[in-house]
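The values are calculated or read from the model by the stated rules, or taken from the named source; none is laboratory data. Worth saying up front: this structure is predicted, and the values here are computed from it rather than measured. Neighbour counts run over all protein chains shown; Cβ positions are idealised from the backbone, glycine included. For accessibility, only protein heavy atoms count, side chains too; no ligands or nucleic acids. Shrake-Rupley method; radii C 1.70, N 1.55, O 1.52, S 1.80 Å.
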Amino acid sequence: MSEHDNRSGCPFAFAAAKPSRRGLLTGLAAFGGLTIDGSLSADAAVRPHRPIDAAASGRHRLRFHGRHQAGVVTPQQAHGMVVAFDVLATSRDELQEMFKRLTERIRFLMHGGTPEAIDPKFPPPDSGIVGPVIQPDDLSITASVGASLFDGRFGLAARKPRQLVAMAGFPNDSLQEELCHGDLMLQICASGADTVIHALRDIIKTTPDQLAVRWMQDGFLPVEPLSFGHAPAQPTPRNLLGFKDGTANLRSTDPELMDRHVWVKPGSDEPRWAAGGTYQVVRIIRQFVERWDRTPLQEQEGIIGRDKATGAPLGRSREHDDPAYASDPKGLRIPLDAHIRLANPRTTETASSLLLRRGYNYSRSVTASGQLDMGLLFVCFQADLESGFLAVQRRLNGEPLEEYINPVGGGYFFVLPGVATDAGYLADGLLTPQT
Amino acid sequence: MKLSLSVSAAGFALLGACGVASAASVIAPADLVAPIADYKIYVAGEVDALVKATHDFTEAVKAGDLAKAQALYAPTRVHYERIEPVADQFSDLDKSIDVRADDFAAKEADPNFTGFHRIEYGLYAKKSTDALGPLADKLLADVTELQSRIQGLTLPPGKVVGGAAELVEEIAKTKISGEEDRYSRTDLWDFKANVDGARQIVSLLQPLTSKANAKLQTRLDDNFTKVEAILTKYSTAGDGFESYDALSKKDRTALRGPVTALAEDLSKLRGVLGVK
Ligand code: HEM
């Protein structure tokens, strides 16, 4: 069985009943980086490890190789985390080294396997938190880059994606510098929270002088482990305001839709290397949930524009019914400033602002005043930042929902195109463009 | 203070008792005797200097000479920070000498908050030597007690070799963030003292490390050099350092790479040299 059958346009592979030869080789390569003597050099001897039989685990292996990275159109796993890093490289060569190592680790982690048993005199190379056999567990690690990577350090300014800038605050934002921006962003998602943390710790441990964590935020969603289309469709998960979130999202299983709204296409006005990538927006949006819970239901529903229990547009009966704004020009049924109406007025002029949302709920702690610090880790992807997120957010500025939310962090990033083959690495097109 | 250093006899006894893994390692247990003896001399020198400097420092505090006491605070501490892995083996003393207000529910107001940082709080946050007399006496008594306890201490090879990693872990945990000397902002003095202490151990072991894993030694040297180069930018006349607040964000980030790489590499040093 081949690792992946792409006829369906499905972005991930089923677990191979037997480990594929290619997967095995990938694993071997991935394990070449860290030798028993603690050498961190890339010239380390290749050490074997056993690839695992993922089918037996009940969870799956997502495909690393492809035109696009995993974690964008991939159905959402139950746990997600975004981690922003400062890149510590001081030259283009060091930057390339970092991306090669990162690629090697992501390949290994998404594939899974058994790390070589280590000499007990040395610190174990693996944290061990998922046990001696690393399961793929639907893991995806999606790498994207921030505008700061294109500053003077690496001479990449001319290759910056056209619209990539540092995120500026919107009127309702209270951005905290220590929760914003970054040279590199990793979005790590899996069915288990432990798998996510395991992957993060592996990457931190194997890139000690290459990457420094700047900030991170983890999140969760009430969804089952990925079913790969075999189980009945999952119900729409709810956010921490109690509303179904994702009802009217773009269908990520429709490749044509994704090509139109999400992926940067070859021949666009973006730099050539960027084709196959996408703009990623990350926003940490705190929700004032105590206050929300003290708000009358009809007001909550008017603010969102949907029925809280069913998720149906107000005045309609089923979740996926059309809100039919044309029949409600005065906003008697769905207020004109309802979140969904502003976010997507569903007119021909606003069709260009469709975007793919892929956020998580988060819960952190309590604030100094003893209120819950929780909210939405908003993530969205679009081929055009300006006509996507920026246009939608501008329409949302001043919406009644703002009274209950406060964005505090995040950033704009560009998801690197996928790695096509074993020979490739993340950012190879950016660092060594073909002429 | 004079440390009795019957190197060979004591050294071998200590190696026998304290588990030196053998077999696979290219380093023979006896190879470690000389570097460990040298390290004891270093520790003895630092603890002597600590007692002497603390004497002068506490005298200034008790004399009510705020400016002098402030000037002597950081240069006194460095002797403690250089040998922290040895000194903190006495947890009672480590607590009374070097505890931070964070460890108490009542923070600075807690009566058990003593030692360097309590005096630092008086000198820099309150800008006064008032009521610091008894704290000064206690600090001097504590470091003197430390000196005498170190005299009788056997140093297992694993503790010495592992001490380098311990010092760098200290840096990674609280020195980079500037949480150590929050009232005086003299963190970079401590930072450098931790680096010095770690480098001392690494230098003494260098012939052995080079033999066991030359690449590791090269990387250690490179990363120490990188850290020192950044710290040097902030040095002032007479071995001093600028305020932690002067440390640019860029340099703080740049320090994290070599410091974390040192922590990873030093965590393997015991394994490489075959000591437990
Ligand atoms: C804490 C902040 C937010 C909350 C609680 C929230 C909540 C919701 C809810 C409950 C829905 C309806 C269900 C659905 O269609 O998915 C929705 C839809 C939507 N939201 Fe948000 N949202 C938030 C922030 C944002 C932001 C920052 C954006 C983009 C700038 C955004 C864009 C959208 C879009 C495009 C839709 C779909 C509208 C449609 O096509 O009908 N939301 N949101």
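The figures follow:
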{"read-out": "Those residues of the range A:289-321 which are open to solvent by 40 Å² or more (accessible area, probe 1.4 Å) and under 22 Å from A:CYS380 (Cβ atoms), in sequence order", "value": "A:HIS320"}
{"read-out": "Tabulated pairs, the range A:380-401, first of a type in the set (Val, Ile, Thr), second near the ligand (Cβ under 9 Å from one of its atoms) and open to solvent by less than 10 Å² (accessible area, probe 1.4 Å), C-beta under 7 angstrom, 6+ apart or interchain", "value": "A:VAL392/A:SER353"}
{"read-out": "Selection count where residues are closer than 21 Å to A:HIS198 by Cβ and more than 14 Å from chain B (Cβ to nearest Cβ), scope the range A:80-102", "value": "5"}
{"read-out": "Meets criteria (away from chain B (no Cβ under 14 Å) and within 12 Å of the chain's Cα centre (by Cα)) for A:GLN77", "value": "yes"}
{"read-out": "The range A:193-214 - residue that is touching an Asp or Glu at 6+ places or on another chain (Cβ under 6 Å) and open to solvent by 10 Å² or more (accessible area, probe 1.4 Å) and, of those, nearest to A:GLY411 (Cα to Cα)", "value": "A:ARG214"}
{"read-out": "Scope the range A:138-153; condition open to solvent by 10 Å² or more (accessible area, probe 1.4 Å), touching a strand residue (DSSP E or B) at 6+ places or on another chain (Cβ under 9 Å) and either assigned to a loop (DSSP other than H, G, I, E, B) or among the aromatic types (Phe, Trp, Tyr) (or both); matching residues", "value": "A:ARG153"}
{"read-out": "One residue from A:HIS181, A:HIS198 being more than 16 Å from the ligand (Cβ to nearest atom) and within 14 Å of chain B (Cβ to nearest Cβ)", "value": "A:HIS181"}
{"read-out": "Hey, A:LEU355 within 10 Å of the ligand (Cβ to nearest atom) and touching a His at 6+ places or on another chain (Cβ under 8 Å) or not", "value": "yes"}
{"read-out": "Residue check, A:PHE414 near the ligand (Cβ under 10 Å from one of its atoms) and either assigned to a loop (DSSP other than H, G, I, E, B) or within 19 Å of the chain's Cα centre (by Cα) (or both)", "value": "no"}
{"read-out": "Residue check, B:THR186 more than 14 Å from every other protein chain (Cβ to nearest Cβ) and either at pLDDT 95 or above or crowded, with 19+ Cβ neighbours inside 10 Å (or both)", "value": "yes"}
{"read-out": "Residue ID - nearest to the other protein chains (Cβ to nearest Cβ), chosen from residues in the range A:119-137 that are under 24 Å from the mean Cα position of the chain (by Cα) and open to solvent by 60 Å² or more (accessible area, probe 1.4 Å)", "value": "A:ILE129"}
{"read-out": "Residues (closer than 18 Å to A:ARG238 by Cα and surrounded by fewer than 21 Cβ atoms within 10 Å (Cβ to Cβ)) located in the range A:251-284", "value": "A:ARG251"}
{"read-out": "Which numbered condition A:PRO235 misses (of (1) free of Cβ contacts under 8 Å to residues at least 40 places away in the same chain; (2) of a type outside the set (A, V, I, L, M, F, W, C); (3) open to solvent by less than 50 Å² (accessible area, probe 1.4 Å))", "value": "(3)"}
{"read-out": "Test: residue in the range B:197-215 that is surrounded by fewer than 19 Cβ atoms within 10 Å (Cβ to Cβ), within 14 Å of chain A (Cβ to nearest Cβ) and not basic (Lys, Arg)", "value": "yes"}
{"read-out": "Among (1) away from chain B (no Cβ under 14 Å); (2) in a loop (DSSP other than H, G, I, E, B); (3) crowded, with 18+ Cβ neighbours inside 10 Å; (4) more than 14 Å from the ligand (Cβ to nearest atom) - the single one A:PRO225 does not satisfy", "value": "(3)"}
{"read-out": "Filtered residue count, the range B:265-276, keeping only those that are at the interface with another protein chain (Cβ under 8 Å from one of its Cβ atoms) and within 10 Å of B:LEU220 (Cα to Cα)", "value": "1"}
{"read-out": "Counted residues, the range A:322-335 - those being open to solvent by 30 Å² or more (accessible area, probe 1.4 Å) and within 12 Å of the ligand (Cβ to nearest atom)", "value": "1"}
{"read-out": "Residues being among the small types (Gly, Ala, Ser) and either within 14 Å of another protein chain (Cβ to nearest Cβ) or within 16 Å of the ligand (Cβ to nearest atom) (or both) - total across the range A:231-283", "value": "5"}
{"read-out": "Condition check for A:ALA70: in a loop (DSSP other than H, G, I, E, B), open to solvent by less than 20 Å² (accessible area, probe 1.4 Å), of a type in the set (A, V, I, L, M) and over 24 Å from A:THR195 (Cα atoms)", "value": "no"}
{"read-out": "Residue, nearest to the other protein chains (Cβ to nearest Cβ), within the range B:235-264, restricted to residues that are assigned to a loop (DSSP other than H, G, I, E, B) and among the aliphatic types (A, V, I, L, M)", "value": "B:LEU247"}
{"read-out": "Test: residue in the range B:137-150 that is more than 21 Å from the chain's Cα centre (by Cα), at pLDDT 95 or above and surrounded by fewer than 20 Cβ atoms within 10 Å (Cβ to Cβ)", "value": "yes"}
{"read-out": "Hits in the range A:314-357 (condition: in contact with a helix residue (DSSP H, G or I) (Cβ under 9 Å, 6 or more places away or on another chain), assigned to a loop (DSSP other than H, G, I, E, B) and within 28 Å of A:ASP384 (Cα to Cα))", "value": "A:PRO323, A:LEU336, A:ASP337, A:ALA338, A:ASN344, A:PRO345, A:ARG346, A:THR347, A:THR350, A:LEU354, A:LEU355"}
{"read-out": "Test for A:GLU177: is it of a type in the set (Asp, Glu) and either farther than 25 Å from A:LEU156 by Cβ or open to solvent by less than 30 Å² (accessible area, probe 1.4 Å) (or both)", "value": "no"}
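Residues are listed down the side, and each one gets a yes or a no for (1) more than 9 Å from the ligand (Cβ to nearest atom); (2) touching a strand residue (DSSP E or B) at 6+ places or on another chain (Cβ under 8 Å):
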| position | (1), (2) |
| --- | --- |
| A:ILE340 | no, yes |
| A:LEU385 | yes, yes |
| A:LEU396 | no, no |
| A:GLY429 | yes, no |
| A:THR432 | yes, no |
